[in-house]
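Read through the structure below, which is laid out as structure tokens, and then see the notes.
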Amino acid sequence: MSKFRNLSQNTRDTLVKTFSYYIMHILVASGVAYLITGSLLTAITLSLLEPTVQAIAYFFHEKAWQRRAERRKDRDLESTASLEESRVGA
């Protein structure tokens, strides 16, 4: 558990969000799979396999969007600094 505490707050939030999404997805997927197949075993198997893969993909998708936002913020800061330098030099 101490490794979890050492993660950045942003990463912890993403992991918690990912886990809650995973649980919700399992419940929805098992209900849909049961309605379609009529088999509880098949429904549970399908509902565990697909959301597990989706949860992993979602985590990396979320991190990619965070990196994109950080790059945009950095680019905006550089642009602002460049404008300031051109004003001072003029």
Report, ordered by the first and then the second residue, all pairs with beta carbons closer than 6 Å, sequence separation of six or more or different chains, a first member in segment 21-32 that is free of Cβ contacts under 8 Å to residues at least 60 places away in the same chain and under 11 Å from Gln54 (Cβ atoms), and a second member that is aliphatic (A, V, I, L, M) and assigned to a helix (DSSP H, G or I).
Tyr22/Ala55
Based on what the data block shows, is Tyr21 in a helix (DSSP H, G or I), of a type in the set (Ser, Thr, Tyr), within 24 Å of the chain's Cα centre (by Cα) and surrounded by 12 or more Cβ atoms within 10 Å (Cβ to Cβ)?
yes
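Quick grid of which residues meet (1) of a type outside the set (A, V, I, L, M); (2) on the phi < 0 side of the Ramachandran plot; (3) surrounded by 14 or more Cβ atoms within 10 Å (Cβ to Cβ); (4) within 24 Å of the chain's Cα centre (by Cα):
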| site | (1), (2), (3), (4) |
| --- | --- |
| Ser30 | yes, yes, yes, yes |
| Ala33 | no, yes, yes, no |
| Gln54 | yes, yes, yes, yes |
| Arg67 | yes, yes, no, yes |
Does Ala57 satisfy the criteria of being at pLDDT 85 or above, of a type in the set (Gly, Ala, Ser) and in a helix (DSSP H, G or I)?
yes
If you take the residues in segment 5-54 that are modelled with pLDDT of 85 or more and among the basic types (Lys, Arg), which one is farthest from Glu70 (Cα to Cα)?
Lys17
Given the structure, is Arg72 of a type in the set (D, E, K, R) and more than 18 Å from the chain's Cα centre (by Cα)?
yes
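The values are calculated or read from the model by the stated rules, or taken from the named source; none is laboratory data. On a predicted model such as this, the values are computed, not experimentally measured, just so you know. Note that each Cβ is placed from the backbone with ideal geometry, even for glycine, and that neighbours are counted across all protein chains shown.
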